[in-house]
1. For the protein assembly as shown, what proportion of DSSP beta bridges, expressed in % and rounded to the nearest 5, is antiparallel?
2. Between Rg and the Kirkwood Rh of the stretch A:60-105, both from Cα atoms, what is the Rg to Rh ratio?
3. Using the alpha-carbon centroid of each, what span in Å lies between the stretch B:206-281 and the stretch A:224-263?
4. Just to be sure I understand: of the beta bridges DSSP finds with both ends in the stretch A:143-284, what percent are antiparallel, rounded to 5?
5. Over the stretch A:58-120, what is the mean sequence separation of C-alpha contacts under 8 Å (at least six apart), divided by residue count, expressed as relative contact order in percent?
6. To make sure I understand, if each residue's beta carbon is the centre and we count other beta carbons within 10 Å, what order do A:1, B:101, B:16 fall in, fewest to most?
7. Take chain A, connect every pair of alpha-carbon atoms lying under 10 Å apart with a spring to form a Gaussian network, then pick out the residue of A:172, A:229, A:134 with the largest mean-square fluctuation.
8. Can you check what the Kirkwood hydrodynamic radius comes to for the stretch B:194-233, Cα pairs only, in Å to one decimal?
């Protein structure tokens, strides 16, 4: 294992993929000369050249659609969309083409496309660069959705995405890029559709993913100091969702708090909560709770942005309340 | 027009007639409920698909719109597979998942059947990119209507194809109406060739009611594309004789306008030209119509006899099965 940042781990996966498979190429806004808006692709143009590391115009709908077409044509495109908010400009190609072509063609086509994008808040980028819309994408059959919450997963899940025959959307949390972690720098792909217990515990289960994972683990540490042992599940994959790992944990802890940076109404947390209610109702000692972002366009000012997001303190407070320990 | 040999002439006529009779039957079948959903007829525009398709090889890609029965048949998808698809049967070319608007046949590199206006253009650019990156000498022919020029995908796709010099033949079937809105009512610049040229894509307008003119223009354009000169655009000026879809009461066009265009019916004109040159006699025409009628009958029989996909397979092919990876 090597210590490296989430950003460098993602880049190591890109580099390995480009080295290992001539069908792989990367395209997107400023992925080449600029080195990527978040510097993920820094250095790749020099190593692989402009055929395989392609700067695109600011035409999200067309370069994602071109990714769909290139995938149909036998390539393994990796398309970078600068942020999830910009991905709204390519929803047509994602929802109407990438997700549908296999089924709509009667199983003739496969679209082995990987789309990476930065998601989430925490960098004072305000209401057009900070949202967490991966839950929307998880609504769509025909695509897969992963959200790495550790540096190791930034590599492993991207490599896994490249092995899929169908479109995979990789949501990299923008606030995690500088985060360091232990990475298996020569490791292979992770498993899409498998959640991991990141911290074992007995008193309640905290279910989260992506940018909220480090915060939730911090909250769990805080709770441990108070004698509360929280189990922390990292979903890693929103579609497919590993409900077995969630249900097994709840069978042990009997309480569940879902922490999700998306807005609460219609959130992915609501989906997780509903699955637990449908399938583990009699295991529960109390209602499933959700801690989500405040229902507001993300504000710029630091103190307001902090207040809008789940934080270790608010996660810990929600956990305490569920256990009747809110002093 | 310079007429081709008798054999070639009869082949083009047969292809256009096949589309016309196939669609006339489809319209009948729609009224009796055999075909449901949307049905967009191509009647009047047959010369565009048939003419343009002559310039393509089996290695080329085709991307089409929701008004694509003509392209599908001209590309060689068997009429029975298309009819069965419209019936929603499992022997349809998309196994009944797509219907009239979403015909696919990967073996013929026919990549749909796209019902989001302009939605096929980025996909065509990507198919061409894949060919370019894999050093395959193929052209991707992308059909779309005049309505699509209003979409961002049109400007974006032409730009990207030109920027990367990709082998795309953009074929704009300008039938003058985006559903019910006339071109001049939604575009300040109605000259589609000028729009293409503004994006760096050389374009040419052609009489879309003249199959030989379309073929000649398509051959010229694809030759340039194949020579590595980047994308080309063909604007085929044409007209649909029928309403936009079976639901459309056609209130937005003057009857006189429709009749005027019908006077330049691509099939009628071509028949007259072949006759005038002595390449076609009444007996040929009768034989051709007879053969086409038999083909259409066979297509309907195939659709009627086809099985329904078992409901148990509903969720099959949302994702690629593990064994296909």
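1. Numbers: 12 of 69 bridges.
Here the share of antiparallel DSSP bridges comes out near 15 percent.
2. 0.97
3. Here the two parts' Cα centres lie 62 Å apart.
4. 30 percent
5. This gives 46 percent for the stretch A:58-120.
6. Numbers: A:1 11, B:101 24, B:16 27.
Taking fewest neighbouring Cβ atoms as first place, the list is A:1, B:101, B:16.
7. A:229
8. The Cα-based Kirkwood calculation yields 10.6 Å.
Laboratory data are not the source of any read-out in this text; all were calculated from the coordinates shown. Since the structure is predicted, the reported quantities are computational estimates derived from the model, not experimental observations. So basically every Cβ, Gly included, is an ideal-geometry build from the backbone, and we count neighbours across all protein chains shown.
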